[in-house]
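Worksheet for the structure shown next.
The values are calculated or read from the model by the stated rules, or taken from the named source; none is laboratory data. Everything numeric here is computed off the predicted structure, so don't read it as measured data. So basically every Cβ, Gly included, is an ideal-geometry build from the backbone, and we count neighbours across all protein chains shown. Heads up: the accessible areas ignore ligands, DNA and RNA and are worked out on the full protein's heavy atoms, side chains in. Shrake-Rupley method; radii C 1.70, N 1.55, O 1.52, S 1.80 Å.
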Amino acid sequence: EAEVAQSPRYKITEKSQAVAFWCDPISGHATLYWYRQILGQGPELLVQFQDESVVDDSQLPKDRFSAERLKGVDSTLKIQPAELGDSAMYLCASSSRRGNTQYFGPGTRLTVL
Amino acid sequence: DQQVKQNSPSLSVQEGRISILNCDYTNSMFDYFLWYKKYPAEGPTFLISISSIKDKNEDGRFTVFLNKSAKHLSLHIVPSQPGDSAVYFCAASARNNDMRFGAGTRLTVKP
């Protein structure tokens, strides 16, 4: 069964350092999403790609967060510099161009010390 | 703004009984609704969905009911099993695929 892959699964870093997360969506899925989930809350969308183009990054803190999907396949989310409040689960999801169901990867648990 | 609300943070039921998880939404543009199940340290797993043209969708032990006039949906699990213990997220989306999630309900099924 096709799955969304994410790495690393866990990341511990000190504040002011740079971190990067990687996501490989389900093959053929044109739409890719990055979410942030804080404990006790639902996932919140950070950025949405359609192929290689950003279609929604209104909730992305652009002073420190960046995301790219250069070839329209896998994607990288970067935080620089990391802050204590960035500690959360970062989830990647993908969906087919016409479908509404999003399929999630296992997530990256980030801890900023 | 919380467009999707799950007002019960937790629910505990006995094995074999029915679990009913509730969700309310405010945006009338939502036309597709989903339930996801999440275990600790894992990503959400898609469980079941329903479009706004239906009022019920069933998949094995799981049934989702949609009441559009009340802007309310619910997930019924019958019979509940200990392996169903997880956090359940309600989600809703409009045609542009912008999905909004509730805060989740932690279900505990006791043997």
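Peptide B:36-42 shows a mean partner chain C-beta count of 4 within 10 Å per residue C-beta. Applying a DSSP loop filter and a limit of 12 other Cβ atoms within 10 Å to the GluC sites (Glu not before Pro) in the range A:18-113 leaves A:GLU83. The stretch between A:ILE38 and A:LYS62 holds 6.8 nm of extra length on full extension. This uses 0.36 nm per residue minus the Cα-Cα distance.
Quick one: if the Förster radius is 22 Å, what FRET efficiency do B:SER74 and B:ARG106 give, using the C-beta to C-beta distance and rounding to 0.05? Between B:SER74 and B:ARG106 the formula returns 0.85. Legend: Rg and Dmax of chain A, from Cα coordinates, 13.2, 41 Å. A Förster radius of 35 Å, combined with the Cβ-Cβ distance separating A:VAL73 from B:SER12, puts the computed FRET efficiency at roughly 0.20.
Once a ≥ b ≥ c are taken as the square roots of the eigenvalues of the Cα gyration tensor of chain B, is the result rounded (a/c under 1.5), prolate (a/b larger than b/c) or oblate (a/b not larger than b/c)? Note, shape of chain B comes out prolate.
Of the accessible area of the range B:65-111, with the probe set at 1.4 angstrom, what percent is carbon plus sulfur? Looking at the range B:65-111 in its full context, I get 52 percent from C and S. Straight-line cross-link partners of B:LYS110 among the lysines, defined as a Cα under 24 Å from its Cα and at least 8 positions apart when in the same chain: B:LYS37, B:LYS38. Heavy-atom accessible surface of chain A, averaged per residue, reaches 51 Å², computed with a 1.4 Å probe. For chain A, a Gaussian network of Cα nodes joined below 10 Å ranks A:VAL73, A:VAL55, A:VAL47 by mean-square fluctuation, and the top entry is A:VAL55. Projecting label points 7 angstrom from Cα along Cα→Cβ for B:ALA41 and A:SER7 puts them 1.9 nm apart. Among the trypsin sites (Lys or Arg not before Pro) in the range B:59-111, those located in a DSSP loop and surrounded by at most 13 other Cβ atoms within 10 Å of their own Cβ are B:ARG95.
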